[in-house]
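Working notes, beginning with the structure itself.
What follows is calculated from the coordinates using simple rules that are stated; it is not laboratory data. This structure is a prediction, so every number in the text was calculated from the model and none was measured. Don't worry about glycine lacking a Cβ; one is built from the backbone with ideal geometry, like all the others, and counts go over all protein chains shown.
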Amino acid sequence: MKVIVNYGDLGSGIDLKELLRSFGLVHITDAEFTIDEFADFAKNLGEPLKTEKHTSNEFVQMVSHDGLFENGDVDWHNDWSYGRGSYYGTVLYNIKGGHLADTTFCDMTKAPRKLKDKYRGKMGEYFPPQRLQSNCFTEKQIKILKRMQVRRPFVQHWQGKELLYCSLGTINEDFPDIREFAEQNSHTHKWKEGDILIWDNMRMMHKRNSFTGERTLWRVQFAIGTK
Ligand SMILES: [Fe+2]
């Protein structure tokens, strides 16, 4: 599910945290933030993750054609699947060329009971894909991630809803039936100038296709919710 908010209406009593909790995906149109304003905006959503790579502000990551994730296909995944702490919130701001690649989402609270029942009680193991390791992480971070090897249950209760969690691009095997559900129940966002998307990564699995050209988005990951 998605809700749309106009940038001009921010600050007039709209509770973005509540909208995020209700819908899982919030679309803000026509934003005009500087990078520091954007970092402050993200801080109001939740405690932001500090980053050491691809930043010009200590909280803002540069997602670009020649940096984080580069320009290849990015398979279905949930951000922070292999991370520790509760940095399940992502806010992504189209700075340049967002339209070159759509972002496609699947709300995993909508997975059918049959699929949830099949995977109930099973655990998944998560780790960054090999090709992202040098671009997205420092050596120190990779060592920590290898040591901790995050495990997560497939079926979880999250903010009053039951969801099926399976970050297909970062789990240790493939699950064709979950992939098929995601492909058939997806929502594609076509980026426009000034667009910001905020989403809950416990709930919204997403992917992006490859592209050519120059594309830059600013990203902040932030902590949300508790079970
Ligand atoms: Fe992502």
Seminar exercise, completed: So for R0 = 22 Å, FRET eff. of Leu10-Glu193 from the Cβ-Cβ r, to 0.05, ends up at 0.80
Exercise. When you take every Cα atom in the stretch 3-222, what is the radius of gyration, and what is Dmax, the widest Cα pair distance, in Å?
Worked result: 16.7, 46
Exercise. Does a label point 7 Å from the Cα of Val150, set along Cα-to-beta-carbon, have any residues of the stretch 89-116 with amide nitrogen under 11 Å, and which are they?
Worked result: 89
Problem set entry | Per residue, the convex hull volume that the Cα atoms of the stretch 183-227 enclose (Å³) | 112 Å³
Seminar exercise, completed: Length gained, Lys50-His157, 0.36 nm per residue minus C-alpha separation, equals 35.8 nm
Exercise. Which length gain, in nm to one decimal place, applies between Gln141 and Thr29 when the Cα-Cα distance is subtracted from 0.36 nm times their residue separation?
Worked result: 36.9 nm
For this session: With only alpha-carbon atoms counted, please give the Rg and Dmax of the stretch 25-119, in Å.
Result: 15.5, 46
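Where the convex hull is taken over the Cα atoms of the stretch 2-64, what is its projected area averaged over directions, in nm²?
Numbers: hull surface 19.3 nm².
About 4.8 nm², averaged over all directions.
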Exercise. If amide H atoms are built 1.01 Å from N in the plane of the peptide, which residues on other chains or at least 5 residues away come under 5 Å of the amide H of Ile95?
Worked result: Thr216, Leu217, Trp218
For this session: Express in nm, to one decimal, how much length is gained between Asp174 and Ser186 on full extension, taking 0.36 nm for each residue of separation and deducting their alpha carbon distance.
Result: 2.5 nm
Exercise. Which percent, nearest 5, of DSSP beta bridges in the chain are antiparallel?
Worked result: 90 percent
For this session: For the stretch 106-227, go through all pairs of different Cα atoms, get the mean of 1/r, take its inverse, and jot down that Kirkwood value in Å.
Result: 16.5 Å
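How large, in Å, is the stretch 82-172 by the Kirkwood hydrodynamic radius built from its alpha-carbon pairs?
This gives a value of 15.4 Å.
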Exercise. Dipole size in debye (nearest 20) for the chain around its Cα centre, Lys and Arg Cβ +1, Asp and Glu Cβ -1?
Worked result: 1120 debye
